[in-house]
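K.L.:
Let me give you the structure first, and then I'll get to my questions.
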Amino acid sequence: MTVVNQPEFGQRLRQLRLERGIKQTELAGGPVSASYISRLEMGNRLPSPAALSYLADKLGVPSEALTTCAPSKGAEAGPGGVGAGGADDPHSARSLLLAEAATALRDGDTARVIELLEPQLDRAEAAAPFGWHWHLLWTLAEAYGRRQELPARVRVLRTMLDTSAIWPDAAAVRAGILADLSADERALGHLPAALEAGEQAVAAARGAGAPEQARALMAVAAAETELGAVRLADKRVPELLALADATTPRTAAQIYWTCAGVRSRQGRAEESDRLMLKALAILDSRDDLLAWARLRMAASALRLRSGRTDDVRGWIKEARRAVDLVGGPGQSAALLSLTAWLLWIERDYRAAIAAADQAEETGLLAFHDGLRNRLLRSRCLLRIGSEAEARTQMRSVAMQAEDSGYLDLATEAWKSLASALDGAQTEGDRRIGAPRGGNLTGETDMTPLEGALLDATRLDETQWAGTPLDGPRPSAREGVVRGVNGSGGSGRRPEGPAARD
């Protein structure tokens, strides 16, 4: 039986390919694609027996030439000596380190992975072989991702991006890194950076395979949707759907999920639901249990967004079982937030507040999800009579969302605040006959912005009871936006393509 070790196999494959002056695209064929060869050379994959046989034949060498590295100087030093791979052999020490980190990652001990590899980053750049350094970066990024430590993961991904610049024929790999980077920046609330990385991913994926193109398009469409540039995201949908049949079930399910999100933001709830159900049907839990769970969480969010609760409780229950087996604390936090959303629609406000608080306390919600979770909590507070705390939290969410470029969510939060202020003012009028926006002496406790919001729209607070956070907007939306922009709100549009939407 042939034993294949990475990153040694990838280093040897690249060496033999370059010696023959062959590009990855020229070597591709049969059971391997150019992007697959890139991943092999970078140490991210192990070759299948069919791929190993094909590559050996194409390169004109026996399979053993790919699975056996050339001996280093001093190889005859004898057992335990430097050349024999003893403890003083840098190559041997590096291989042992990566092997231990890979075992820890497989066992779920991500803290151990970080402990082993993080100190190696600086010295690896200066002295280590390229393949070993790349494999270290990939393993470290995976560990940070599983722990939901996104700032650290973004740092490692950007290092991978810089490192890949010296690697020939690495466009497909760069597209994948950029797509991951876009998703992480979006989760952190860095929308301009997410959009930039997504657009770069699309450019890098041109000429690559369908999976790479799909990942890039999904990344940029998600960033555009979050920025409110839904018309731009809509243009990606036909291209994405055309790629679905040429990808794996997991990628196809992600495509339908992404397109469902765009359609939901357009208010096309039926089409969104149809696409999401197609995503659920195409992926089997045995293929990827965590992706299967995340699809159920996404389907629940889209149903709740349209004001429907059918199937949602069952999907959340199924997702929770899967997350308990293979997920992490980040997925558990997202499930708590979804549960709070469901309880809000069911008008169990105190239970919704408790679930939202648990989700918030983890500190692991994505930036947008965290804002939405706090907005939901503030609406529940309003329903149980905690008006002052509710208004304070609504104001905070609205300002954070606007400053970060989430204009749809900012509008939603400003409307909730205007509704709360209007409800409080109406109650005050009934009790003491106070002037609009003030007390008996005519003095107001509202900020100028809040006063403008109240002048822009007189929303009945009951319009919001039990409605989804991102559901159909009341007709006063444009008035609220004009009130925000005309009274001290930033009124900023995001730079770049989103500004033209």
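Derivation of every value follows stated rules applied to the coordinates shown; laboratory data play no part. Values in this document were obtained by computation on a predicted structure and should not be read as measured data. Methodologically, a virtual Cβ is constructed for each residue, glycine included, from the backbone with ideal geometry; neighbour enumeration extends over all protein chains shown.
K.L.:
Per residue, how big is the convex hull around the C-alpha atoms of the range 295-368? Give it to me in cubic angstrom, could you?
P.N.:
About 81 Å³ per residue, rounded to a whole number.
K.L.:
Note down, for the range 8-69, the three equivalent ellipsoid semi-axes (square root of 5 times each alpha carbon gyration tensor eigenvalue), biggest first, whole angstrom.
P.N.:
Equivalent ellipsoid of the range 8-69: 14, 13, 12 Å, largest first.
K.L.:
In addition: Within a 10 angstrom radius of the beta carbon, how do 270, 402 rank from fewest other beta carbons to most?
P.N.:
270, 402
K.L.:
Shifting gears a bit: Mind computing the radius of gyration and Dmax over the alpha-carbon atoms of the range 266-395? Å is fine for both.
P.N.:
Final numbers for Rg and Dmax: 15.1, 49 Å.
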